[in-house]
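The values are calculated or read from the model by the stated rules, or taken from the named source; none is laboratory data. Values in this document were obtained by computation on a predicted structure and should not be read as measured data. In this analysis, Cβ positions are derived from the backbone assuming ideal geometry, glycine residues included, and neighbour counts consider all displayed protein chains. Quick note on the areas: whole protein, heavy atoms, side chains included, nothing else; ligands and nucleic acids left out. Shrake-Rupley method; radii C 1.70, N 1.55, O 1.52, S 1.80 Å.
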Amino acid sequence: GVFDCVYEAFVVMDSDGDDYVTRADVKRTLARMSVVGASVDQVMRESKVSKEGRIHWIDFARQFKWHTLGSGKEMQVLYAAIKQQRSACLNKFEVWRTGRGITGG
């Protein structure tokens, strides 16, 4: 897969970097990934969605993990480290998706 951990997937999905994803973020990312068999409605239905219609990173990680997450503190440290590498995550995704990285800043 394109992502080594669920945190990378979340960082790519979180378009404004506010630690939440919205229905629009999920829809955009799934479309860019050409995901078959998963729908925006399914992701939103299976997630802990706030009254504002957003999914927090920790709830996303717990719901969609494919690896061991560790303790809450370990999760926070790893997520923070990956979030600091946002541009590298976005570039990795673009290379996977298009065969080319992101040009420019």
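Counted as qualifying within the range 8-105 are the helices (runs of 4 or more DSSP H) with 1 or more residues that are touching a residue at least 40 places away in the same chain (Cβ under 8 Å) and open to solvent by less than 60 Å² (accessible area, probe 1.4 Å), namely 23-33, 57-64, 72-84, 86-98. Within the option set Ser71, Ser39, Ser50, Ser34, being among the polar types (S, T, N, Q) and in contact with a helix residue (DSSP H, G or I) (Cβ under 8 Å, 6 or more places away or on another chain) holds for one residue only, Ser39.
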